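Remarks on the structure that follows.
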Amino acid sequence: MIWEIIYIFLAIGIIFNLLASIGLIRFPDVYTRLHAGTKCTTFGSIFICLAAIVYGLWKWYNGYASMIIISIHSFFALIAILLTNPTGAHAIARAAHKSGVKPKKAVVDDLEGKK
Amino acid sequence: MNVFMLSLVMLFISIAIAMVRVLLGPTIPDRVVGLDTINTLVIAGMILFGVATEEVIYIDVAIVYALLSYITTLFIAKYLEGGKI
């Protein structure tokens, strides 16, 4: 039962990370590539960390007392990913717009001339 | 073979695909986006390797790597904006 949960979490994480890389290749623009490469990796990494947490908790329940440390540290890594990844994506998008990269096939640019 | 090791191999394939965008990106922000994606995938791979070998030290390294790669991304973004650091 517990292994099926770990398999499902790992499958969701791997599939979303692969989709992030494929979108990074196939999208035409900086902003759409940022959309693919940041949101999908955040979602996939959440599920990989959840698989690690469930595995550590299961080993701890079965008598390996030191395996709870893997769960706790994976939780802190999950918090670090959740805090840093969207902030970095916002900084990259702002820098790309300020350095003069235009969106491809865009008609209206709402941020033109704004500081 | 451990299932976490198998997932790690799939993550390596994903990193190799993302490396193509870093090598042939037309503009500099494209390369930065590819680098940011590779950083997140490496963090996930470190967590998987730590669980597969049941060593806690790799997950600690993953936490520190997450914070340092965030500082690197902000630094490059600030440099591209042209402001003072």
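Could you grab me the full set of residues in the range B:20-49 that are more than 10 Å from the chain's Cα centre (by Cα), surrounded by 23 or more Cβ atoms within 10 Å (Cβ to Cβ) and touching a residue at least 24 places away in the same chain (Cβ under 8 Å)? If the condition is that a residue be more than 10 Å from the chain's Cα centre (by Cα), surrounded by 23 or more Cβ atoms within 10 Å (Cβ to Cβ) and touching a residue at least 24 places away in the same chain (Cβ under 8 Å), then B:Pro29, B:Val32, B:Leu48 are the ones that fit. Within the set A:Ile68, A:Ile22, the sole residue that is facing chain B (nearest Cβ under 8 Å), surrounded by fewer than 24 Cβ atoms within 10 Å (Cβ to Cβ) and part of a helix (DSSP H, G or I) turns out to be A:Ile22. When B:Leu23 is tested against the conditions (1) farther than 18 Å from A:Thr42 by Cα; (2) out of contact with any Gly (no Cβ under 9 Å at 6 or more places or on another chain); (3) among the hydrophobic types (A, V, I, L, M, F, W, C); (4) more than 7 Å from every other protein chain (Cβ to nearest Cβ), the lone failure is (2).
Taken together, the criteria exclude A:Ala77 from residues that are on the phi < 0 side of the Ramachandran plot, in contact with a Phe, Trp or Tyr (Cβ under 8 Å, 6 or more places away or on another chain) and surrounded by 15 or more Cβ atoms within 10 Å (Cβ to Cβ).
For the range A:93-113, the criterion of being under 28 Å from B:Leu24 (Cα atoms), of a type outside the set (Gly, Ala, Ser) and crowded, with 19+ Cβ neighbours inside 10 Å is satisfied by at least one residue.
In this structure, A:Ser99 does not satisfy being modelled with pLDDT under 90, out of contact with any helix residue (DSSP H, G or I) (no Cβ under 7 Å at 6 or more places or on another chain) and facing another protein chain (nearest Cβ under 9 Å).
The values are calculated or read from the model by the stated rules, or taken from the named source; none is laboratory data. Everything numeric here is computed off the predicted structure, so don't read it as measured data. Glycine also receives a Cβ, built like all others from the backbone with ideal geometry; neighbour counts cover every protein chain displayed.
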